[in-house]
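Report on one structure; see the data block that follows.
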Amino acid sequence: MIKQQLIHTDYQPLVDKIEYYFAQSDIVLHDARNIIKEVDFNNEMLVVKSYKQLSWFRGFIYTYLKKSKAWRAYEYGLKITEFTPKVVARIEYFQPLLTKSYLICYKCEADFNMQAPLFKTTQKSK
């Protein structure tokens, strides 16, 4: 079963074939626990975040006890519109537990990277 939320039906073809579009994209913005790529859809650059494949235990938790990370990111993107890229869709795959999820948003051009100040390590001089 697939659960999804869209802001507009224009993006339904992208959502229906998200795994294809994600696999075809060569523009990787981040590749660690989760993978973030730029995806070209109808001559529009979007950003797609693929969340890490879940173990059965985490799948159980995100199916029955908590909202998934994609669900929460989608909701926060709708609430905090001044500080986040505009969300397009969230997609979750259940078999029967949550196994895979994606978040799609518009590409936001910025002249800074939030990881730098958040994860900056400082060295103390002796």
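Among residues that are aliphatic (A, V, I, L, M), surrounded by 12 or more Cβ atoms within 10 Å (Cβ to Cβ) and in contact with a Gly (Cβ under 9 Å, 6 or more places away or on another chain), LEU14 is not included. The single condition from (1) out of contact with any Pro (no Cβ under 8 Å at 6 or more places or on another chain); (2) farther than 17 Å from VAL15 by Cα; (3) not small (Gly, Ala, Ser) that THR63 fails is (1). On inspection, LYS69 does not qualify as surrounded by 11 or more Cβ atoms within 10 Å (Cβ to Cβ) and over 11 Å from the mean Cα position of the chain (by Cα).
Number of residues in the range 40-60 that are of a type outside the set (S, T, N, Q), buried (at least 16 other Cβ atoms within 10 Å of the Cβ) and free of Cβ contacts under 8 Å to residues at least 60 places away in the same chain equals 7. What about THR84, is it touching a Cys at 6+ places or on another chain (Cβ under 8 Å), surrounded by fewer than 20 Cβ atoms within 10 Å (Cβ to Cβ) and not aliphatic (A, V, I, L, M)? The answer is yes for THR84.
No lab work stands behind these numbers, since they all come straight from the coordinates. Computed from a prediction, not measured in an experiment: that's the story for all the values here. Quick reminder, even Gly has a Cβ in these numbers, built from the backbone with ideal geometry, and neighbours come from all protein chains shown.
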